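The values are calculated or read from the model by the stated rules, or taken from the named source; none is laboratory data. In this text the structure is predicted, and so the values were computed from the model without any measurement. All Cβ positions, glycine included, derive from the backbone under ideal geometry; neighbour counts span all protein chains shown.
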Ligand code: NIG
């Protein structure tokens, strides 16, 4: 047994209210003892171990759990973004541009692009990441994207139902049939989750129900893009199907909020997408006050949210969605873990993975108080500084 201690932590966010002060379970002048990548105990500063990493009085928080990303893609949509900032509206159809570029990329190119984004996310403090397919949209390319994704995470999501691809114009039901049969069979060995984009211009409720039901029958967990661009049936469908998460939740009715509050489905907010598409922000206050579980994720993708900065999402959630700073930190850590049905990440309590972020700041408050400033001093995965673990 070779133990490591992360010592001299000025302020430790354990993420477990039973371990310390307040909802985030805060400890001061603390140390984390780690064995084999797992937290074995939380001690006072100065604890003994075989190896020592000195936090120098910094604040340490659980690594961010990013439960919604689309990291496997090629191409650039900067021009589309610029046009939007000049007044153009966002439409789901922009996904096609990325499908063309992704299909044209070689395996090596696509793997290198994904690795670069994963490294960027590690530098931003993201220690657990979900990665979706969805820019292949035929059986060969969806399987290829999932194979690449699965070399970076176990939380891979089959999103064949992202958009009706070229060749299926006017035949959306035929495409849904393909997704539910051959494409699902090819995706299944590489995926943990199945997802669909329930939105005008993408797939309707019946089509999404068919896709998620087929995925569940094949043993995948379900999640759903819901209520992103306007009100719709997505959130209530996600609840009906027992999805782990309903993602976006930008346009919610009272009935949607009641449905979330009476369910185990996590409402995952993606405020960077709302920022980049000039959408309103979700009414997080009402959702939380109603008793629903919530998560925050980056939604890193080339169309609506080309960012790996969870700190930016946290700042938006507090400033624009009226979440408290404690709520936003919890949503980006244990909330994300809940959206992925994971109990081994998102907290720094004994038995959890020693995944953590050391902040160049005395408190996690600075993530919001100092917006846009690079405060991530180090990211540790399993107690090891992460940049050596990028692949
Ligand atoms: O989550 N909503 C669907 N998918 C992405 C957008 C994809 C794109 O425009 O390329 C999202 O925002």
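Within the range 138-154, track down each residue that is buried (at least 24 other Cβ atoms within 10 Å of the Cβ) and touching a strand residue (DSSP E or B) at 6+ places or on another chain (Cβ under 7 Å). If the condition is that a residue be buried (at least 24 other Cβ atoms within 10 Å of the Cβ) and touching a strand residue (DSSP E or B) at 6+ places or on another chain (Cβ under 7 Å), then 142, 146, 149 are the ones that fit.
Can you tell me which residue in the range 288-308 is surrounded by the most Cβ atoms within 10 Å (Cβ to Cβ), limited to those that are outside any strand (DSSP E or B) and more than 16 Å from the ligand (Cβ to nearest atom)? Across the range 288-308, the extreme among qualifying residues is 292.
Residues that are near the ligand (Cβ under 9 Å from one of its atoms), assigned to a loop (DSSP other than H, G, I, E, B) and touching a helix residue (DSSP H, G or I) at 6+ places or on another chain (Cβ under 7 Å) within the range 67-106 comprise 73, 77, 90, listed in sequence order. The listed residues are 333, 304, 343, 324, and the only one of them that is under 21 Å from residue 266 (Cβ atoms) and under 13 Å from the mean Cα position of the chain (by Cα) turns out to be 333. Any residue at all in the range 120-136 that is in the same structural domain as residue 334 (by TED's automatic domain parsing), surrounded by fewer than 24 Cβ atoms within 10 Å (Cβ to Cβ), out of contact with any strand residue (DSSP E or B) (no Cβ under 7 Å at 6 or more places or on another chain) and within 21 Å of residue 273 (Cα to Cα)? Within the range 120-136 (the criterion being in the same structural domain as residue 334 (by TED's automatic domain parsing), surrounded by fewer than 24 Cβ atoms within 10 Å (Cβ to Cβ), out of contact with any strand residue (DSSP E or B) (no Cβ under 7 Å at 6 or more places or on another chain) and within 21 Å of residue 273 (Cα to Cα)), the answer is yes, since at least one residue qualifies. Annotation: residue 127 fulfils all but one of (1) modelled with pLDDT of 95 or more; (2) within 16 Å of the ligand (Cβ to nearest atom); the unmet one is (2). Listed conditions (1) surrounded by 24 or more Cβ atoms within 10 Å (Cβ to Cβ); (2) within 15 Å of the ligand (Cβ to nearest atom); (3) without any contact (Cβ under 8 Å) to a residue 40 or more places away in the chain; (4) at negative phi are all met by residue 247, apart from (3). Among the residues of the range 23-35, some residue qualifies, meaning at least one is within 16 Å of residue 353 (Cα to Cα), in contact (Cβ under 8 Å) with a residue 40 or more places away in the chain and not assigned by TED's automatic domain parsing to the domain that holds residue 325. Whether a residue is farther than 14 Å from residue 354 by Cβ, under 29 Å from the mean Cα position of the chain (by Cα), crowded, with 21+ Cβ neighbours inside 10 Å and in contact (Cβ under 8 Å) with a residue 24 or more places away in the chain was assessed, and residue 19 does not pass this test. Only residues that are under 19 Å from residue 79 (Cα atoms) and away from the ligand (no atom under 16 Å from the Cβ) were counted in the range 258-287, giving 0.
Enumerate the pairs (first residue in the range 52-69 and at positive phi; second residue anywhere and surrounded by fewer than 24 Cβ atoms within 10 Å (Cβ to Cβ)) with beta-carbon separation below 8 Å, excluding pairs fewer than 6 apart on the same chain, so at least 6 apart or on different chains. Final answer for the pair search is 56/8; 57/8; 57/10; 57/362.
Contact map, the range 262-290: residues that are in contact (Cβ under 8 Å) with a residue 24 or more places away in the chain paired with residues that are surrounded by fewer than 18 Cβ atoms within 10 Å (Cβ to Cβ) and assigned to a loop (DSSP other than H, G, I, E, B), Cβ distance under 6 Å, separation 6+ or inter-chain. Pairs shown: 271/281; 274/281; 285/322. Restricting the range 310-327 to residues that are surrounded by fewer than 24 Cβ atoms within 10 Å (Cβ to Cβ) and within 16 Å of the ligand (Cβ to nearest atom), which is farthest from residue 133 (Cα to Cα)? The selected residue is 316.
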